[in-house]
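Worksheet: the structure to be examined is printed underneath.
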Amino acid sequence: MAKIGKLALVAGAALTLASCGPNGGLDFRNFDPDLRGWGGGGLDTAQAAARAAPRPTPDQRGVISYPGYQVAIARQGDTVATIAARLSLDAGELARHNAIGENTVLNPGAVVALPRRVAAGAAAPVVSSTGQVSDPFAGQGVKQPTAPAGAQEVTSSTLPASSQPRQHVVASGETAWSIARRYDVSVDDLAQWNGLSSDMALRVGQRLLIPVAGQAQPAGATVTAPGSGSPTPRPPSAAKPLPAEKTQPVASPVNKPSSPDLGKTRTAASRSGNFRMPVSGAIIRTYEKGKNEGIDISATPGSSVVAAGGGTVAAITRDVDQVPIIVIRHDGNLMTVYAGLEDVSVSKGQKVSAGTALGKVRSQGVVHFEVRNGFDSVDPEKYLG
């Protein structure tokens, strides 16, 4: 049960779910493919978003200098070649260091790691084909973006060591969400620090800056002017009597509400749906939007987990513990998700019928089952027949 609580739909399943939306073109920064809130696990990085510091502002050349390395920030229309020319670096070397082509157009704000330090100073002049030297920034009238509130102003000097973020080189199979979870930062801050596109696409070998945590003000804290001291808390008034309290003896009986039998929650109305139970067992945890996006079913380890309805296997991925997750696409814009199983017996793209065996129940004896209508999760019990 504890391991299933770490359920995480990685990029393959995320793209499959998102592609089924009616409008398309979704902004993946607002999508939670890892189901971090499910099961009350410790994978939630929502608090990290409030603590993220803004990325330092680059100098006039677009360079941010840290004690251990330097990075260049891409401008509108920049390529690796134009950045290399601006910084008097070899374009091929810079491209290989960042695993990208020399002439690939970069997203504005994208991070390009420098293979070696460049000297402080203004941008290198550009020599035209006619032999005339010109300043690439002179007379262009390009307005530089305004630094966000609280951003640190960067000059040619190197930033202090305490502000140096870690670098991460993207490996095969990694996603923006898995990297954000690994370093306990929000995926939105990771995207803003590295100029990622709205689809959060990464490339193998890409070098990412991991956002540096800022100083979040504690909830309810009172800010006072420097030197004025902290306000004294107001004591309770001595003129008012304390409220009357009626305490009960320790031995007094406690009224306990009757506990519902979760295994009998399938009412007659819920038996008119489109799907069958994916496994034989009792429902031990019901659907709760935002907390449990499906139902948990207690089942005998080794028993068969079957498709709830006919459709196509859209994705087979794994959670953080490498436990398989199966996604099946059905008619009517519906999808079903199965987790907590092993010995998968189907493959991606395979057509299945209701009752087709998907795998076996793991030794934990719990199967997680979801129904999604397009992008949103819905109560699976309303679809069970």
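Placing a label point 7 Å from the Cα of Ile284 along the Cα-to-Cβ direction, the residues of region 358-377 whose backbone N falls under 19 Å from that point are 360-370.
For region 314-376 versus region 83-113, the spacing of their alpha-carbon centroids is 41 Å.
How high is the relative contact order of region 262-382, in percent, counting Cα pairs under 8 Å that sit 6 or more residues apart? Contact order relative to length: 30 percent. The local environment of Ala91, defined by Cβ-Cβ distances under 15 Å, has a net charge of -1 under the rule Lys, Arg +1 and Asp, Glu -1.
Divide the volume of the convex hull around the Cα atoms of region 262-382 by the residue count and you get 101 Å³ per residue. What is the local net charge at Thr300, summed over the other residues whose Cβ is closer than 12 Å to its Cβ (Lys, Arg +1; Asp, Glu -1)? Summing Lys/Arg as +1 and Asp/Glu as -1 gives +2.
Each value in this text was obtained by applying a stated rule to the coordinates, not by laboratory testing. All values derive from a computational prediction rather than experimental measurement. Cβ: placed from backbone, ideal geometry, glycine included. Neighbour counts: every protein chain shown.
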